[in-house]
Amino acid sequence: MRRHLSHHMKRPKAPRVARPLTDLLSASDGAGSLLVAAEQLGRLERDVHALLPPALAGSVRLAPPREGALVFLVSNNALAARLRQQTPSLIEGLATRGWLIRTIRIRVSIAAPEPQKPPKEARLSRQGLVSLRDLRDSLEPSPLRDALARLVSRHSYGGTRKP
């Protein structure tokens, strides 16, 4: 019984040993190793994003390593240039986190995510629209009234049109 209990006790976590990137892809047991490789690639990507400036991190994706080199995908040449400036410190930073990477290749890929920009879409409540419509109707003809008319008509098409 005692042995059974000690089996469930957690062993102290071994410090992560720096391993060459090629080890990621050299495990041999089929689907299991694929899963491990995907998991490690995910961890590697998180570490990369943590080391990059936030503005750059959201625009970088990792591709599976090729010939021992880490491959980054970015959506345009400007991002690629900014990322190239970061590579020496990135290799150093990854080494302190246990990743032995000698080479980083940067590829411009249309499929890489563009930096996220929130959609510019103002939403007017039904009451807000009614108030603007009333204001428009109470004004004398003027540039302000024309601007309000355009605003009201633009926001009226979203199913909030007055019956």
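Among the residues of the stretch 116-126, none qualifies, meaning not one is crowded, with 16+ Cβ neighbours inside 10 Å, farther than 30 Å from Ser153 by Cα and either modelled with pLDDT under 85 or of a type in the set (A, V, I, L, M) (or both).
Applying the criterion of being closer than 18 Å to Glu39 by Cα and modelled with pLDDT of 90 or more to the residues of the stretch 64-89, the residue that is surrounded by the fewest Cβ atoms within 10 Å (Cβ to Cβ) is Val71. Within the stretch 144-161, being modelled with pLDDT under 80 and either aliphatic (A, V, I, L, M) or closer than 14 Å to Asp134 by Cα (or both) holds for Ser156, Arg161. Looking at the stretch 127-153 only, could you name the residues that are open to solvent by 80 Å² or more (accessible area, probe 1.4 Å) and in a loop (DSSP other than H, G, I, E, B)? Result: Glu140, Pro141. Only residues that are closer than 16 Å to Asp47 by Cα, without any contact (Cβ under 8 Å) to a residue 60 or more places away in the chain and not in a strand (DSSP E or B) were counted across the stretch 66-95, and they come to 10.
The values are calculated or read from the model by the stated rules, or taken from the named source; none is laboratory data. All values reported here derive from a predicted model rather than from experimental measurement. Please note: Cβ atoms are built from the backbone with ideal geometry, for glycine as well, and neighbour counts cover all protein chains shown. The protein model used for the area step is the full one, side chains on, heavy atoms only, and it has no ligands, DNA or RNA in it. Shrake-Rupley method; radii C 1.70, N 1.55, O 1.52, S 1.80 Å.
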